[in-house]
Amino acid sequence: MSPDPQATVKGPFDLKIKFEPRGGNKIDPQSVKLAYLKSPMVDLTDRVKQSITDEGINLEKATIPPGEHQIKVTVKDAEGRETNAVITIMVGK
């Protein structure tokens with residue numbers, strides 16, 4: 001939802017991700033994982049844990065250095081079905 005994937009943002013900015021469960025099942029917020037895709041990969045889950053709900057992620061005033069950043073979001077529903085998405089955030093100077 002935010003920031004717009006086509007936009008270049010300046011920090012701090014609000015990171016908002018909405019989960020869309022399928023088949024009437026709820027998202028298990030305990031299953032949500034965020035990883036910064038670089039070598040080696042960095043697990044961001046503990047840093048945003050307080051911003052995760054079964055409806056999504058609402059992290060206010062996120063600070064990321066300038067550049068292009070790819071973040072992998074992994075979620076499971078109450079029946080254990082998993083899905084992943086990679087979001088790209090462009091941060092300007």
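The values are calculated or read from the model by the stated rules, or taken from the named source; none is laboratory data. For clarity, every value in this text was computed on a predicted model and none was experimentally measured. Don't worry about glycine lacking a Cβ; one is built from the backbone with ideal geometry, like all the others, and counts go over all protein chains shown.
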Strands (runs of 3 or more DSSP E) completely within the chain that count 2 or more residues being exposed (fewer than 12 other Cβ atoms within 10 Å of the Cβ):
56-62, 67-76, 82-91
Residue within the stretch 4-11 that is in contact with a Leu (Cβ under 9 Å, 6 or more places away or on another chain) and modelled with pLDDT of 90 or more present:
no
How do the pairs read when you match residues in the stretch 1-26 that are under 21 Å from Pro66 (Cα atoms) with residues anywhere that are surrounded by fewer than 12 Cβ atoms within 10 Å (Cβ to Cβ), using Cβ under 6 Å and keeping only pairs 6 or more apart or on different chains?
Met1/Lys18; Thr8/Gly92; Lys10/Gly92; Gly11/Thr63; Pro12/Lys61; Pro12/Thr63; Asp14/Glu60; Lys16/Met1
From the list Asp43, Asp54, exactly one residue is without any contact (Cβ under 8 Å) to a residue 40 or more places away in the chain, among the acidic types (Asp, Glu) and under 30 Å from Lys93 (Cβ atoms). Which is it?
Asp43
Would you confirm, using the coordinates I've provided, whether Ala78 is hydrophobic (A, V, I, L, M, F, W, C) and touching a residue at least 60 places away in the same chain (Cβ under 8 Å)?
no
